[in-house]
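Everything on this sheet refers to the single structure shown next.
The values are calculated or read from the model by the stated rules, or taken from the named source; none is laboratory data. Because the structure is predicted, anything quoted here is derived from the model rather than measured. Every residue, glycine among them, receives a Cβ derived from its backbone with ideal geometry; neighbour counts consider all protein chains shown.
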Amino acid sequence: MNIFVSGSLAYDRIMDFPGRFSDHILPDKIHVLNVCFTVNGMVEKFGGTAGNIAYSLSLLDERPVVLATIGRDYQRYMEWLEKNHIPLNGIKIIDEEFTAGAYITTDRADNQITGFNPGAMKHRSGFDLDKAAPDDSIVIIAPGNLDDMIDYANTCRRKGIYFICDPGQSITAWDGNSLAKWIEGSIMLISNDYELEMVMKMTGMDKKGLLRLTKTIVTTIGEKGSLISISDDDMRVPAAETHAVVDPTGAGDAYRAGLLKGLVMKKDIVTAAKMASVAAAYAVEKYGTQEHYYTCKDFMERYRSNFGEP
């Protein structure tokens, strides 16, 4: 099955704050917030929602087509994608912009504050999804250029292509009506528990209402695993065991890759979510979003050690 991953390509500048944000933010002074966090240093990694999801899919022997834009500083990222056998034909170069950049600071409690410069992401990638075969394609629409997110969902609905809505960090850019319209007709809405609360608040719908727009809601709950909601049925899937939690950045994108792999293998949703949990476990054990590595054999052995035979 052809997998299309719409989202962002970005350079992540990752920093660690040796304390807790909560110790330096006064709740009664939020309206005049002025804080400075001195970090231990900074490293630059390949990132972006589309890049992260595609990378973990490549480890699972998939060759997803990335639908995204990249700036004039593209060379290192393109070389990395080619090294990992990820097609480049869906990526549009924007010569007048730098590649999007995320500045992520994580405290000792794994809370994160992120500043994001969209750069090339301000422009549409404009890939022609009309050429995709409806019966042999799946599209995940992750946070990226908002016009792309809308256009790709519209094309999928019109063509009958399965698509997954992953609003993530883009939620604040939507209004409630547009967000509901975007989700309508998807096979899945995936988010973390905080993002789901925001979606429900913005759309004025509870989970039952959202499940009239989409077939399945997948909610990640950090170390507690994930929750699969279908109609009136909720199924909890535990997180896979980790050797060490080094950096939570990118765990959600790795989860999405494992989930997609399960879906294209025609696994049931619970098995796919367990595969997603294993993929996420690998990601949190490394510093950065595309630093983990495993073979398919390694992956399945770890799956069996956590969940038994798939």
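Brief remarks on what is shown
- Some residue of the range 275-290 being polar (S, T, N, Q), outside any helix (DSSP H, G or I) and surrounded by fewer than 19 Cβ atoms within 10 Å (Cβ to Cβ): no
- The residues listed here are Ser56, Ser8; of these, the one that is surrounded by 16 or more Cβ atoms within 10 Å (Cβ to Cβ), touching a Pro at 6+ places or on another chain (Cβ under 7 Å) and at pLDDT 95 or above is Ser8.
- Residue within the range 267-275 that is over 18 Å from Phe307 (Cβ atoms) and touching a Gly at 6+ places or on another chain (Cβ under 7 Å) present: no
- Scan of the range 114-148 for residues that are part of a strand (DSSP E or B) and modelled with pLDDT of 95 or more, ordered by number: Ser137, Ile138, Val139, Ile140, Ile141
Residues are listed down the side, and each one gets a yes or a no for (1) closer than 17 Å to Ala102 by Cβ; (2) part of a loop (DSSP other than H, G, I, E, B):
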| residue | (1), (2) |
| --- | --- |
| Ile3 | no, no |
| Pro18 | no, yes |
| Cys36 | no, yes |
| Asn40 | no, yes |
| Phe46 | yes, no |
| Asn52 | yes, no |
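- Selection within the range 75-99 - among the hydroxyl-bearing types (Ser, Thr, Tyr) and either assigned to a strand (DSSP E or B) or under 19 Å from Asp148 (Cα atoms) (or both): Thr99
- The one condition from (1) crowded, with 20+ Cβ neighbours inside 10 Å; (2) within 12 Å of Ser6 (Cβ to Cβ) that Ile190 does not meet is (2).
- In the range 125-136, residue farthest from Gly101 (Cα to Cα) [restricted to those that are crowded, with 18+ Cβ neighbours inside 10 Å and not aromatic (Phe, Trp, Tyr)]: Ala132
- Residue in the range 98-121 that is more than 22 Å from Val43 (Cβ to Cβ), surrounded by fewer than 19 Cβ atoms within 10 Å (Cβ to Cβ) and within 21 Å of the chain's Cα centre (by Cα) present: no
- Checked against the criterion of being under 19 Å from the mean Cα position of the chain (by Cα) and of a type in the set (Gly, Ala, Ser), the candidates Ala244, Ala283 yield just one match: Ala283.
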